[in-house]
Every structure is written in structure tokens, then in C-alpha cells.
Amino acid sequence: MVESDGTGHNAWPYTTVPVNIVGWAVKNRATLQWTDNSVDIYTGILDGGGAPQCAPDCGRFFHQDGDYSRCPGGAARHYDQSLWLTKGFQGGDWGQRVGQEYFTSALGQENIHIYLHEVGHTFGLDDFYDWTPTGQCCFLMKAGSADRITEFDQWMFRDFWRHLKSRYGL
Ligand SMILES: [Zn+2]
């Protein structure tokens, strides 16, 4: 999504999309084998299924109005997305939920394709389990058919943006 050929397409306002890690969530602090606390660490905040999560008061999903006044670190420490590693999890799920074993073993890869597929959903792209667009065979959002972001994925994203940009006065 940061391909240079997408910059400025249809008034797309970004040249890069920086990623900042703003928090870690664990059941027990000892799980994190470091003592540095410069990035917020949330312990013991569990969702309905028992998975650790960062403070909902800081999460965009929970505050789509952009009000982070109850986030302990304020708006500067809010999070827009989360990466949820789950032991034994196969494939991906909404947001970025991927298998822990898969993700950690793929850290050295340039394209962690299941993760990239899930990020595609975050940017609004759909699955293609039951149909394939005419003239296409292989692209990231058709799970299992590509191992990197393809030109067709990029065009789907541009199309999604074409429909959304008016919300931002562009
Ligand atoms: Zn999917």
C-alpha cells in the first residue's frame, strides 16, 4: 500500500504510512522477556474470550469518534489496529489475528502473506472465497493464490479509496 506508484492517485494524501508500536498486551508481564517499559504494557485486560488486549479506552475500534480522553496516555498513545497472535491458530481472522507459530517463523520474510491479507481487510478489502473477478487468477485477497501484494490488490484498494475519499473532503 505504500508503493510509490500509488502516491497521489485520486488525491490519496499519503506518501508513506508509518507504523508505530504503541502498546503490548499480555496476561502476565513475565511473558515479555524485557524490562523496558517505554512502550505501554497492558496486563490482565482480557476480552470476552480471555485473550489479553490493550486498554479499550485507547482503541480506535472502541472509539470511532476519536475521543481518547479516557486513554491513560491520551490520544498520542491510542492504537488504530492490533496484531493478535494466537497459538495454534490456522490462517487469519478479522483485524490482524494470525497464528503465533506462523507469524514468528515468518519474521524474516519480506512478505508475511497471511498477515498482509489480514491488513488488506483492515483497509476494507474483501475475501474472494466464492468467486474470482474476470481475468484474474492470483492476488493476495484471494487467500492462498498469491504470496505478496499484487497489482490487482493495489487496484482494489484504489477503488475502495475512490468511494471513501469524499468523507475526507478530498
Ligand atoms: Zn480474509
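Remarks
- Among GLY44, GLY108, GLY59: highest mean-square fluctuation, GNM of the chain, C-alpha pairs under 10 Å: GLY108
- For LYS27, the lysines whose Cα falls under 18 Å of its own Cα, not counting residues fewer than eight places away in the same chain, are LYS87.
- Total formal charge among the other residues, if their Cβ is under 13 angstrom from that of TYR68, Lys/Arg +1 and Asp/Glu -1: -2
- Carbon/sulfur fraction of accessible area - the chain, other protein chains in place, 1.4 Å, %: 52
- Using heavy atoms of the protein chains and a probe of 1.4 Å, the accessible area assigned to LYS87 is about 150 Å².
- Only helical runs count toward this figure. For the chain, summing -39,500 (n - 2.57) over DSSP H runs of n ≥ 4 and dividing by all residues gives -5000 deg cm²/dmol at 222 nm.
- On Cα atoms only, tilt of 113-122 relative to the major axis of the chain in degrees: 90
- For segment 42-146, the solvent-accessible area with a 1.4 angstrom probe is 60 square angstrom per residue.
- Selected from HIS117, THR86, TRP161, residue furthest toward positive end of dipole (the chain; charges at beta carbon): THR86
- Reachable aspartates and glutamates from LYS142, criterion Cα separation under 12 angstrom, eight or more residues apart if same chain: GLU118, ASP126, ASP127, ASP130, ASP153
- Helix 151-164 and the longest principal axis of the Cα set of the chain meet at an angle near 80°.
The values are calculated or read from the model by the stated rules, or taken from the named source; none is laboratory data. Please read these numbers as outputs of a predicted model, since none were measured by experiment. Glycine also receives a Cβ, built like all others from the backbone with ideal geometry; neighbour counts cover every protein chain displayed. Heavy atoms of the whole protein, side chains included, go into the accessibility calculation; ligands, DNA and RNA do not. Shrake-Rupley method; radii C 1.70, N 1.55, O 1.52, S 1.80 Å.
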